[in-house]
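Encoded as structure tokens, the structure appears first; notes follow it.
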Amino acid sequence: MAKKSTTTVTYKTKTVNGKTHMVCQNSSDESKYYSGVPCENYVPVSNKDVVSVLCSHCTSIMCSTPQIKRRSVKTVAKAAPRKKTVIKPTVGITTDTPKRKAGRPKKVA
């Protein structure tokens with residue numbers, strides 16, 4: 001098998017406030033993303049082993065904007081109000097004592 005010929009492009013890096021920044025891949029005319037105008041944007045890189053990076057400006061030029069599909073809104077007729085459910089007390093429960101509401105107990109001062 002024949003070996004593939006590869007060209008190695010080294011992009012400029014600089015350190016700003018202890019963080020490594022790398023120049024955009026469009027800065028070199030040998031890049032596959034090169035559009036004719038060199039880009040001089042530096043992008044922060046999290047790892048020193050990164051070979052190349054593409055800035056957000058050049059990425060937005062190459063990618064199309066997301067298509068938003070508008071949905072039609074259907075009008076819904078109002079439903080009839082629900083009937084209230086009445087619970088009748090059973091034998092043995094007196095109705096003169098108030099029932100305790102669910103939740104936290106009242107604080108006694």
Task: Residues in region 48-63 reached by a label modelled at THR20 [backbone nitrogen below 14 Å; 7 Å Cα→Cβ] - done: 48-53
Task: Backbone N within region 40-63 under 12 Å of label point (7 Å from LYS12 Cα along the Cβ vector) - done: 40-43
- [ ] Note the full-extension length gain between SER60 and ALA80 as 0.36 nm times their separation in residues minus their Cα-Cα distance, in nm to one decimal.
- [x] 2.1 nm
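Sort TYR42, TYR33 so that the residue with the fewest other Cβ atoms within 10 Å of its own Cβ comes first and the one with the most comes last.
In increasing order of surrounding Cβ atoms, one gets TYR33, TYR42.
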Task: Value of Rg/Rh across region 13-59 [Cα atoms, Kirkwood radius] - done: 0.97
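Every number in this text was worked out from the coordinates using simple rules, so none of it is lab data. Everything numeric in this text was worked out from a predicted model, so none of it was measured. Because the Cβ atoms are built from the backbone with ideal geometry, glycine has one as well, and the counts that use them run over all protein chains shown.
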